[in-house]
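Below: one structure, written as structure tokens.
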Amino acid sequence: AQTVTQSQPEMSVQEAETVTLSCTYDTSESDYYLFWYKQPPSRQMILVIRQEAYKQQNATENRFSVNFQKAAKSFSLKISDSQLGDAAMYFCAYKSRFGNEKLTFGTGTRLTIIP
Amino acid sequence: DTAVSQTPKYLVTQMGNDKSIKCEQNLGHDTMYWYKQDSKKFLKIMFSYNNKELIINETVPNRFSPKSPDKAHLNLHINSLELGDSAVYFCASSPTPVGTGFFGPGTRLTVT
């Protein structure tokens, strides 16, 4: 079974600085998807970024980028120029490309932005 | 123009009652899910339907029964509610079983 680990329960960063959230996962599969979801206090789950395992290029969405290291099974999220609106819980998630279609989530990292 | 909607957003009820949460998506997606987020914010899959057919049924008490009347709807009925059922329940949909999941706003269920 796949597992997703987020080893940082809480992180904080000064506004306008850069922060990296860590995520590691365990799988025996070679093809899969990885996601970062953001959950602000409104509790809405918002997709931040998605990475397909067969793509070597790291995904980027504006200020959000990932460092995908397939061999190390690592998928970290970098947030540049942090803004107050980035404050939220961030969840890393794994989804198999074949067979099992569920999202497997990590335990989340609470990100605080310091003004 | 809401993509995935859930009703109600908040539900407070007493132990032993039966309640339902409704979910609708207008994205034309084939696959829908129910996830549960506990008090420690941990999210876990409960059920998944693809074209009205149950494809994932995790270890969930049989007091929980999903129903998919059509591709756009996936409702969750809970019998004999217990204190431990208190959580936020999220409905989600994706275009294919392996597609990106779009989440509803969540339903906060409180059992007293």
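Some observations on this one:
- Derived scalar couplings between HN and Hα for region A:63-74 equal 7, 9, 9, 10, 10, 9, 10, 5, 5, 7, 6, 10 Hz in order, rounded to whole Hz, by the Karplus curve 6.51 cos²θ - 1.76 cosθ + 1.60 (θ = phi - 60°), x for Gly and Pro.
- Of all DSSP beta bridges in region B:4-111, antiparallel share, percent nearest 5: 90 percent
- Accessible surface of chain A, 1.4 Å probe, proportion on carbon and sulfur as whole %: 47 percent
- Within chain A, longest stretch clear of exposed trypsin sites (Lys or Arg not before Pro) (DSSP loop, no more than 14 other Cβ within 10 Å): A:1-54
- Principal axis box of region A:3-114, alpha-carbon based, largest edge first, Å: 41, 27, 22
- Across region B:84-96, computed HN-Hα scalar couplings (Karplus, 6.51 cos²θ - 1.76 cosθ + 1.60, θ = phi - 60°) run x, 7, 4, 4, 9, 10, 10, 9, 9, 9, 8, x, 9 Hz from first to last residue, x flagging Gly and Pro.
- Relative contact order, percent, chain B [alpha-carbon distance under 8 Å, six or more residues apart]: 37 percent
- Normalised contact order of region B:40-100, rounded percent, pairs of Cα under 8 Å and 6 or more residues apart: 21 percent
- Average Cα contact separation per residue, chain A, under 8 Å, 6 or more apart, as relative contact order %: 37 percent
- Nearby lysines by direct alpha-carbon distance to residue B:22 (threshold 26 angstrom, same-chain neighbours under 8 apart not counted): A:38, A:95, A:102, B:9, B:36, B:40, B:41, B:44, B:52, B:67, B:71
- A simple spin-label model places pseudo-atoms 7 Å from Cα toward Cβ; at residue B:3 and residue B:96 they are separated by 1.8 nm.
The values are calculated or read from the model by the stated rules, or taken from the named source; none is laboratory data. What you are looking at is a predicted structure, and each value in this text was computed from that prediction instead of being measured. Cβ coordinates were reconstructed from backbone atoms using ideal geometry, including for glycine residues, and neighbour counts include every protein chain displayed. These area figures cover heavy atoms from the full protein model, side chains too; ligands, DNA and RNA do not enter into them. Shrake-Rupley method; radii C 1.70, N 1.55, O 1.52, S 1.80 Å.
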